[in-house]
Amino acid sequence: WNQIIAVGVLGFVIMGAGVYWATTRRPSHGQAPGTRRSSAAKGGFMSSLEDRWDQRRNGEDR
C-alpha cells in the first residue's frame with residue numbers, strides 16, 4: 001500500500017507542477033503580454049481546432 005500512496009502523491013506533485021508551469025509561462029520573444037499568437041506560430045492540432053471554432057463563430061463556415 002505504501003507504494004500505491006507514493007505513486008499517487010508523486011503524480012499529484014507532477015500535475016501540480018505542470019499546472020504551475022503552464023499558468024506562469026512568459027510570452028514568447030517580441031510578443032506583448034496578453035496577446036494571442038497566430039495559429040501558424042502555435043502550430044499543432046489544438047490550434048487548428050481553435051481556428052475552425054473561431055471561423056464558425058464568425059460566420060465563415062463553409
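The values are calculated or read from the model by the stated rules, or taken from the named source; none is laboratory data. As the structure is a prediction and not an experimental result, all values here were calculated from the model. Heads up: the accessible areas ignore ligands, DNA and RNA and are worked out on the full protein's heavy atoms, side chains in. Shrake-Rupley method; radii C 1.70, N 1.55, O 1.52, S 1.80 Å.
Would you tell me the accessible area of Met15, worked out with a 1.4 angstrom probe on the heavy atoms of the protein chains, in Å² to the nearest 10?
Using a 1.4 Å probe on the heavy atoms, I get roughly 120 Å².
Give me a comma-separated list of calculated 3J(HN,Hα) values for the stretch 46-52, in order, Karplus coefficients 6.51, -1.76, 1.60 applied at θ = phi - 60°, integers in Hz, x for any Gly or Pro.
Rounded to whole hertz, the list is 5, 5, 5, 5, 4, 4, 5.
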